[in-house]
Structures are given as C-alpha cells and as structure tokens.
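Structure first, commentary second.
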Amino acid sequence: MAVKADITIDIDKQVGELQNLTQIYNARVGDNKTPLTIAWRKNDLPLNLKGLHAYIVGKTGDGSYNSETGKIDFPINTPVSQFEDDGSGTLDGGQSGLTTLLIPKQMWQNSGLFAGYIGLKSEDGSVFTSKDIWFKVLGNVLDAGVEINYFIGDFDKALAEAEKKLQDKTDSFDQITNAALSDLREKYREIAQSSEDLASEYTATLNNITDSLKSMQAYIETHNIVTTDKFENLDKYLTNKVATSYVQPQAFNNLDDLKQKYPNGSNGIMVTTDNGHYYLWNNNSWKDCGTYQSTGIADKSIHLENLSDTLENSLYPNVDEVEITNLLDGYFSKYGTVITQHNASDGDPVHTEKIPVKPGEEYYVYTNNYWDGKAINMMENDTIINYFPSENDAQIKSIKITIPNNVDSLILNGTKQFVPRLFKINSYNQDQDAIDNLAIILKDKEFNFKEINLTQINKTGYWDYTRNGNYTDQAPDNKNAMKSYLPVKVKPFEIYRLTGCSAWNARLYEIIDFQGHLISCCDNENSQSLTTTFMIPKNAAYLEVNEYFLNVQTKLEKAVSIKEKKPLDGLHWGAIGDSWTAIFDKDGKSYVNDVADITGITATNLGAGGTGYVTGGANNWNNQFFKRNIDADTDICTIFGSFNDAYYPDFKFGQKGDTDTATMWGAMLATINNCYKNNPDVLIGIISPGPWGAINPFKTDTMSKLNSHSDTTVNNMAINDFAEKYVQTMKEFAQMYSLPFLDLYHQSNLRPWNDDFINKYYHGQSATDTTHPNPNGLKKYIAPRIASFLEKIIK
C-alpha cells in the first residue's frame with residue numbers, strides 16, 4: 001500500500017512552500033505520537049535515505065511574526081522541544097525517500113505556533129540537511145510553512161511594508177531626477193553665456209534629455225510599483241545620460257588627439273591640455289572656444305573630489321580585508337563535517353576557523369568553491385544556517401553577502417592554491433569616473449612624495465600575479481630573499497612611487513579591487529632595480545608589494561601634492577654672506593632655505609658669521625668674502641652684506657679702480673673676480689646689508705663708539721652717515737661692473753629702531769640681539785625679496 005506524504009521537502013530548492021495540512025494531518029494540543037510523513041526529494045527525485053534518519057526541533061507557544069528579522073518571535077523562556085527518529089520511521093529501506101516522524105505530545109503542549117526546523121541526520125549524528133518549518137493552529141485549520149518565514153495572517157502586513165519601501169524608492173528617485181535636471185539646466189545656462197552661437201544646439205540637447213527624463217517620470221507614474229532592478233536600470237541610464245552631456249569635460253593632449261578620437265564629432269566639452277582651450281563640435285568641425293576657465297581646469301584648481309559631480313549616485317565600496325591567520329586542512333562540508341579526502345586535480349582544500357560576524361554587515365568573499373565544501377558557510381553557534389553558492393563545482397567564486405540576523409560566524413572554504421580572502425564593506429564612496437581624463441591632466445606633473453611605512457609579512461613568500469594576487473608560500477634560498485609586505489589600503493586616483501625589484505610572478509606591485517580581484521600589476525616582469533610611479537585605478541582597494549632580491553631596499557612613497565613648476569627649478573645658487581646668511585636656527589636653516597623653497601633653486605650656503613668684504617672675522621679668522629669659492633656649476637651667486645666691516649679697525653672705503661683688498665673697493669673687486677675664476681659664466685648679484693640695531697638711519701653717534709678706526713675720516717663719521725656711504729659704494733660698484741643691486745638697507749621694511757618690531761622679528765641669536773632677525777623675520781622680509789632678485793638676475 002502506497003504511503004502518501006504530508007509534506008514534501010526538496011533539499012536543493014531554495015524557494016519555500018506553503019502547504020495546507022488540514023485534511024491529512026490533524027495534530028492537536030496533547031496529541032501523542034501523531035505521525036507526520038515527509039517525502040524527501042533532491043531535484044524532484046526521491047532522496048535515498050539509507051543511513052539517514054529524520055529529526056525535528058522547535059519552540060511552541062504564543063509566537064508572532066517579526067517583519068524586521070523575518071522570523072517568529074516567542075516570549076522569553078519558551079521551551080525548546082525536539083524529537084529524533086531512531087531510523088524506524090524510514091520507509092522502504094530509504095529508497096522511496098519517505099520517512100514518518102511519530103511526534104510526541106510535548107511538541108503540542110500549547111496552542112498557537114510551533115517554529116523550528118526539520119531535517120535529516122547521518123548515523124554519526126551529523127546534520128545532513130535541515131529546513132525551517134512552522135505550524136499554526138487556528139480552530140480546526142492547520143497550516144505549515146517549509147522555508148517560509150511568515151504565515152497567512154501576516155501577508156497583508158508584509159505586502160503593505162513592501163509597498164511602502166518601494167514608494168520610498170520612487171520618492172527618492174524623483175528627488176534624484178529633479179536634482180539632476182536642475183543641475184543640468186544650470187550647467188547649460190553657464191555654457192550658453194560664453195558661446196551664444198551654440199545656444200540652439202545646447203537647447204536641442206537639453207530638450208532631448210528633458211524629454212527622456214519626462215518619459216522616465218511618466219513610466220514611474222504609470223506603474224504603482226517600481227521593482228529594485230528597474231530602479232537601478234533607470235538610475236544607471238540617468239547617470240550615463242548626464243555624464244555624456246555638456247557637463248563633464250574630457251581632456252586631450254592636443255587638438256590632433258581630439259580629432260583622432262572623435263573625427264566625426266561628439267557631444268561634450270573637450271579640453272586640450274597643451275593650450276588650456278576648450279572645443280565644441282559645431283558645423284562639422286571642432287570650434288576653439290578659448291581658455292577653459294569658468295567651469296574648467298584653472299591653475300591649482302584640480303581637486304579630485306570635484307572632478308565628476310555628475311556621478312554623485314555611482315558608488316563603490318570602501319573595504320577592509322579581514323585577516324585570516326589560520327587555515328585548516330580539508331574542506332568544511334555543507335553537512336557540517338570536515339572532509340580531508342580530495343581529488344588532487346581540484347586542488348588541496350583548506351578551510352578557515354569560525355570568523356565572527358554581526359547581523360547587517362556586508363562582505364565580499366573571493367575564494368575557491370569545493371564541491372560539497374561550499375565557499376561560504378553561515379553559522380549560528382555550531383549549526384549551518386545557510387551556504388553559498390548553490391553550484392556544485394570547484395570553481396573560483398566572488399560573492400557579496402549580507403549577514404542575516406541569526407548568523408554569528410562564517411566558515412570559508414578554499415584551496416592552498418586560492419586561499420579564501422574576505423573583505424568587509426565599511427562604507428560607500430563616490431565613483432569618480434573621470435579617471436582617464438585625470439590621467440592625461442596629471443601625466444606631466446611632478447609630485448611631492450611622503451614615504452609610507454611597510455609592514456613585512458613574517459614568513460617567506462610573495463604575492464603572485466598569476467594567481468590573482470594571492471599569497472604563495474615559498475622557502476628561502478641562498479640567492480633570493482622572498483619576502484613581501486602586508487597589503488596597503490589605497491584609494492582611486494592616489495599616486496604612488498615605488499622602488500624595489502620585480503621577479504617574474506613576484507611583480508614589484510599588484511593592485512586588487514574591493515572584491516579581491518587582481519586589476520593591475522607592475523608591467524616590468526624582471527628587474528633588480530626599479531623605480532616606478534603609478535596612479536591607483538578606480539575600484540582599487542589594496543596595493544600588494546613584493547621584495548625579492550637581497551640587495552634591493554623596497555621603498556613606497558605616496559604623492560601628497562602636485563609639485564608646482566617653480567621659476568628657478570634646475571638652477572644652482574651660491575649664497576655668499578655673513579651671519580644673516582649662515583645657518584644658525586635650531587633646524588639648521590636660514591633664509592637661503594626659504595628662498596630655495598620659493599624658487600625651486602638648488603642652494604649652496606657660503607655664509608660665515610662675523611665676516612665681510614674687508615674683515616675676515618673675529619680672532620684673525622681671515623675668511624673675507626673674496627676667499628669664498630663657489631662651485632663650478634653655480635648659475636647665480638649673490639654677495640650679501642656686511643656691516644661687520646664697520647667694526648674692523650683698519651677699514652677703508654678706498655676709491656674706484658682700487659685692487660687693494662684692505663679697501664672696500666678692492667675687496668669687492670677681488671670677490672667677484674674669484675667667483676668668475678670658479679665659473680666664468682656665473683651671474684652675480686650684489687645685496688646690501690639690512691639695518692641693524694646698532695647701525696641704522698637713526699644712529700647719529702660717531703663710528704668710534706663701535707670701534708677705534710685707524711682712518712680718522714671713518715672714525716669721526718656718524719654711524720648713519722657711514723651706513724649710507726657703505727651702501728652707496730656697493731651701488732656704485734655694481735653699476736660700474738654691470739651687476740644687479742638689491743638695496744635691503746633702504747627697502748627691506750625691517751625696523752630695528754622699533755621695540756615692538758624688535759621683539760617680534762629680531763632677537764635672532766639672543767634675547768637682547770638687535771642685529772639678527774629671527775627665522776620669522778628672515779622668512780617674511782628677506783627671503784621673498786632675494787627670491788624675486790634671483791628671478792630678475794636670470795631673466
């Protein structure tokens with residue numbers, strides 16, 4: 001006699017079934033050993049139950065459907081009941097796939113709901129399969145749901161919530177559409193003002209897009225429900241339409257490149273970086289519309305975050321890779337057991353320990369599926385709740401998952417050849433789709449770099465670009481040191497400079513995206529010494545760096561800013577002077593460093609404290625300016641100072657034509673002649689000393705107050721008169737020998753006669769020092785003037 005099943009369960013079907021058991025199954029409160037017959041199927045065919053037996057576990061009582069979790073909630077302390085068949089309920093030796101559970105009365109202790117799961121176990125007690133199941137008793141009507149999280153009484157509520165969510169999406173789409181249309185109109189208005197002869201073309205394009213948007217709106221209004229995939233398709237269409245209109249410029253090296261790309265024209269603004277002009281297609285030719293400024297690429301205005309405003313709704317994930325520290329041999333089967341036997345042709349299977357996760361978290365998993373060892377196993381405690389994918393193969397899988405409410409951990413399968421990689425999604429960033437244009441704009445730029453610290457992996461091996469950037473363990477040898485570094489988290493458009501080596505499969509660097517896919521790598525496959533600069537592509541998440549050879553130091557640097565082209569880049573400057581020029585601040589710098597920063601020039605500091613044209617410094621140091629030797633490759637030389645000569649007891653001004661280095665005229669001539677001796681082509685500039693606290697226009701004491709001078713004329717001069725003659729002599733000398741002159745005594749804005757100014761910008765060497773400006777004073781008042789002076793010398 002054939003036995004008819006009360007419930008049919010197909011273990012390979014993911015879609016649940018609602019089944020009415022009123023006429024065939026009549027369990028009531030207090031019933032004992034009421035038989036429940038289940039037909040077990042696999043792809044609609046009877047499942048052979050040999051070695052398997054059925055069980056049922058669940059709660060009974062006053063439960064209610066929770067729409068947020070999709071589960072049935074019970075009051076706290078609701079008892080859990082379970083029954084496990086001893087195998088006697090398996091019919092026909094298991095061939096028919098039928099089993100009968102004689103459910104005891106404790107399953108029906110209370111009216112209301114029973115919710116739990118029903119399944120099959122093997123002889124060793126391992127779970128073979130399980131399905132969610134519930135029963136609901138209303139009077140004499142008994143319903144059961146297999147893999148269904150709600151019951152009939154909640155259909156209306158669930159439907160209403162679904163409709164509300166869809167309506168919220170519709171409202172959100174309306175806002176996006178209206179905002180995009182408003183922004184597009186404003187963009188057109190700006191462009192039309194600068195190109196009136198193209199107004200009709202702009203208007204026609206705008207009308208076409210407006211009609212398209214109106215068609216979309218009409219579609220939304222005609223259909224009360226917008227499905228998720230249709231909403232995403234419309235969103236993509238809108239993004240593409242706006243992005244290809246007259247909003248986002250495209251950049252080209254020059255007009256020839258533009259014509260080669262679009263010989264028959266194209267919509268949009270096209271910018272050529274060689275002249276900074278923008279072009280529009282009009283009357284079958286590209287029209288030059290002048291400098292692209294108002295909405296274009298102005299100098300120093302490139303901000304990555306503003307390059308693609310039209311793609312504000314196109315997002316890519318910001319991820320962190322979850323470190324997997326311990327891989328176990330064998331695969332974790334979907335039945336909850338570890339299997340170590342395997343087919344070598346499918347790779348050597350491995351699996352992870354339980355990885356803690358939380359409900360609602362999102363992950364990308366990139367790993368190797370292994371037949372019954374599914375790539376992803378979702379666990380609650382030690383029970384498999386679900387697994388992915390459904391395919392039964394041994395292929396590489398890339399899967400995005402969201403953690404359900406009843407899952408607390410994951411077990412991932414993989415192989416030693418393709419170990420599991422797990423990426424947690426933290427947030428979503430805007431996808432700047434102007435990457436190709438940006439690359440052209442930045443390709444000729446130089447950057448200021450900052451070194452990035454790399455953390456070495458504590459085992460030998462390398463990131464293998466032939467294995468999708470996965471890590472390969474390998475024992476060291478005597479020739480090569482195979483070591484690598486932990487992945488560096490990166491973002492699109494970042495620019496890096498990397499020095500190291502590349503060795504076949506162990507490329508210097510590899511880049512993976514947020515799903516774990518290899519998307520780029522170093523194109524040099526074999527080099528023992530390599531420095532390369534590269535831009536991180538869109539969708540990138542991590543940079544993997546290898547170090548292979550013993551004798552190469554790997555160095556990673558990140559571009560922190562675009563290096564401006566400075567007026568004196570590539571030139572060499574020799575700065576002769578006294579203590580104002582010499583290094584004296586706590587950082588070992590002077591105004592010379594500030595000038596180099598401003599102009600880009602390479603500087604050699606030839607300053608020495610206490611010296612001048614005539615005086616060689618204290619204690620007969622004999623280090624006058626005319627004894628300073630500049631480098632042979634010096635392009636510019638400046639001679640700055642010095643009122644130290646005012647303290648030299650044998651100082652004499654001398655007169656034009658003097659060659660005696662004991663006089664100012666003779667010492668100045670000897671100084672420039674020594675510079676020309678070192679480099680006949682050097683350009684020389686003369687710079688007067690700035691005012692000192694003891695020597696300035698308001699000092700009327702005689703020079704004898706500074707020192708006793710052998711020249712009575714000098715000894716009896718007022719200090720301010722001496723300073724005026726000293727500067728005037730420098731000016732006349734410069735004019736006589738065709739040299740540029742910078743007067744910092746009269747034109748520096750320094751005020752060492754003002755106490756407030758002294759306190760703020762002097763005290764360079766001590767709290768009472770009124771001779772030397774401090775670093776702030778030199779940087780503010782001296783460095784910019786000398787920088788401008790150097791630029792004038794070179795022109």
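Any read-out appearing in this document is the output of simple, stated calculations on the displayed coordinates, not a laboratory observation. Predicted, not measured: the structure shown is a model, and the values here were computed from it. No Cβ is skipped: glycine too gets one built from the backbone with ideal geometry, and neighbour counts run over all protein chains shown.
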Next item on the list: Taking H placed 1.01 Å from N in the peptide plane, check which residues at least 5 places from K563 or on another chain put their amide H under 5 Å from its amide H.
Entry: E446, F447, N448
Check: Sequence-distant or interchain residues sharing an amide H contact under 5 Å with M717, placed H: which?
Finding: M703
Checklist line | Residues whose placed amide H lies under 5 Å from that of S520, excluding near-sequence neighbours | finding: I511
Notebook entry, point to check: When the Karplus curve 6.51 cos²θ - 1.76 cosθ + 1.60 is applied with θ = phi - 60°, which whole-Hz ³J(HN,Hα) does each residue of the stretch 722-728 get, with x for Gly and Pro?
Noted result: 4, 4, 4, 5, 4, 5, 5
Margin query: Please report the net charge: other residues with Cβ closer than 14 Å to the Cβ of K705, K and R +1, D and E -1.
Written below: -1
Notebook entry, point to check: Once the other residues with Cβ under 10 Å from the Cβ of F651 are scored (Lys, Arg +1; Asp, Glu -1), what is the net sum?
Noted result: -2
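Compute the FRET efficiency between S390 and D681 as 1/(1 + (r/R0)^6), taking r as their Cβ-Cβ distance and R0 = 51 Å, and round to the nearest 0.05. Don't skip to the answer; put the middle values down first.
Numbers: r = 79 Å, r/R0 = 1.55.
Computed FRET efficiency for S390 and D681: 0.05.
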Check: Counting every Cα pair in the stretch 448-563, what percent are over 16 Å apart?
Finding: 56 percent
Item checked: Packing-based exposure ordering (other Cβ within 10 Å, fewest first) of H763, H772 -> H763, H772
Next item on the list: Compute the whole-percent fraction of alpha carbon pairs in the stretch 662-795 spaced more than 17 Å apart.
Entry: 66 percent
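Decide, for the stretch 572-794, between rounded, prolate and oblate: order the square roots of the alpha carbon gyration tensor eigenvalues as a ≥ b ≥ c, take rounded if a/c falls under 1.5, and otherwise choose prolate if a/b is larger than b/c, else oblate. All intermediate terms of the calculation are to be shown ahead of the outcome.
Values: a/c = 1.62, a/b = 1.07, b/c = 1.51.
Here the stretch 572-794 falls in the oblate category.
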Next item on the list: Enumerate the residues in the stretch 540-573 having an amide nitrogen under 19 Å from the point lying 7 Å beyond the Cα of A632 toward its Cβ.
Entry: 571-573
Notebook entry, point to check: Where does each of F418, F640, F741 land when they are ranked from fewest to most other beta-carbon atoms within 10 angstrom?
Noted result: F741, F418, F640
